[in-house]
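Peer 1: Here's a structure for you.
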Amino acid sequence: MDLARLIDISYLFQSQPAEGFSWPFRIVLLVIFIGALVLAIYSGLRAKKTTSVIKRVWSKFQLWGWSAGLVGLLLFSFRELQAIYIGARVYILAWLIIIFIWFISILFFVRKSKATKEARVEKDEEYNKWLPK
């Protein structure tokens, strides 16, 4: 894959690209998008079992997985079917960047919620220490 083409605007916005993705890149995209759908299903099952702050984390992963997987597969199919204008390379590139940033923000939320949960447990232990037994 020639990465120098990624800065060529006419290449990215080509209305009807003649060729599809290369086979290794197709496999990588399918693994990403189908993996996102599997994560959405798994996190949906986990969100039903928990009742704490972690439920919000699983809900965020579920929303990310359904969005990333379904929209990604839709854009992938537009590209492979060589749809006019909506099969442009820039859409799939932009979507990959968006879902990567979104996933990183969810990981930051997980780290933040874990720290607040630990602080809350510590505060509750300090409070319960002074209660009569």
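The values are calculated or read from the model by the stated rules, or taken from the named source; none is laboratory data. Treat the numbers as computed from the prediction; the structure is a model and nothing was measured. Glycine gets a Cβ as well: all are built from the backbone with ideal geometry, and neighbour counts include every protein chain shown.
Peer 1: What number of residues in region 1-60 are acidic (Asp, Glu) and within 19 Å of GLY72 (Cα to Cα)?
Peer 2: Quick first cut of region 1-60, residues acidic (Asp, Glu) only: 2, 8, 19.
Cutting the leftovers down to within 19 Å of GLY72 (Cα to Cα) gives us 19.
Of the residues in region 1-60, 1 are acidic (Asp, Glu) and within 19 Å of GLY72 (Cα to Cα).
Peer 1: Sticking with this one: Of TYR127, TYR91, which residue is among the hydroxyl-bearing types (Ser, Thr, Tyr), in a helix (DSSP H, G or I), surrounded by 13 or more Cβ atoms within 10 Å (Cβ to Cβ) and without any contact (Cβ under 8 Å) to a residue 24 or more places away in the chain? It would help to see each step written out before you state the result.
Peer 2: Working: TYR127 fails: surrounded by 13 or more Cβ atoms within 10 Å (Cβ to Cβ).
Going through TYR127, TYR91 in turn, just one is among the hydroxyl-bearing types (Ser, Thr, Tyr), in a helix (DSSP H, G or I), surrounded by 13 or more Cβ atoms within 10 Å (Cβ to Cβ) and without any contact (Cβ under 8 Å) to a residue 24 or more places away in the chain: TYR91.
Peer 1: Now for a separate question. Taking the condition of being more than 20 Å from SER67 (Cβ to Cβ) and of a type in the set (A, V, I, L, M, F, W, C), how many residues in region 89-133 meet it? If you could, list the steps in order and put the result at the bottom.
Peer 2: Initial filter on region 89-133 (more than 20 Å from SER67 (Cβ to Cβ)): 89, 111-133.
From what is left, the residues that are of a type in the set (A, V, I, L, M, F, W, C) are 115, 119, 121, 130-131.
Number satisfying all stated conditions: 5.
Peer 1: Taking ARG89, is it under 30 Å from PRO24 (Cα atoms) and not hydrophobic (A, V, I, L, M, F, W, C)?
Peer 2: yes
Peer 1: Another question, if that's okay. Could you tell me which of the residues PHE103, PHE21, PHE76 is surrounded by 13 or more Cβ atoms within 10 Å (Cβ to Cβ) and in contact with a Leu (Cβ under 6 Å, 6 or more places away or on another chain)? Give the steps one after another, and end with the answer.
Peer 2: Details: PHE103 fails: in contact with a Leu (Cβ under 6 Å, 6 or more places away or on another chain); PHE21 fails: in contact with a Leu (Cβ under 6 Å, 6 or more places away or on another chain).
Only one candidate passes the filter, namely PHE76.
Peer 1: Going by the conditions given, is VAL53 surrounded by 12 or more Cβ atoms within 10 Å (Cβ to Cβ), modelled with pLDDT under 85 and under 26 Å from ARG111 (Cβ atoms)? It would help to see each step written out before you state the result.
Peer 2: Numbers: surrounded by 12 or more Cβ atoms within 10 Å (Cβ to Cβ): yes; modelled with pLDDT under 85: yes; under 26 Å from ARG111 (Cβ atoms): yes.
Taking the combined requirement at face value, the residue satisfies it.
Peer 1: For region 47-61, state whether one or more residues are assigned to a helix (DSSP H, G or I) and in contact with a Phe, Trp or Tyr (Cβ under 6 Å, 6 or more places away or on another chain).
Peer 2: Restricting attention to region 47-61, the residues satisfying the condition of being assigned to a helix (DSSP H, G or I) are 47-49, 54-61.
Add one more test, that the residue is in contact with a Phe, Trp or Tyr (Cβ under 6 Å, 6 or more places away or on another chain), and what stays is 47.
For region 47-61, residues assigned to a helix (DSSP H, G or I) and in contact with a Phe, Trp or Tyr (Cβ under 6 Å, 6 or more places away or on another chain): present.
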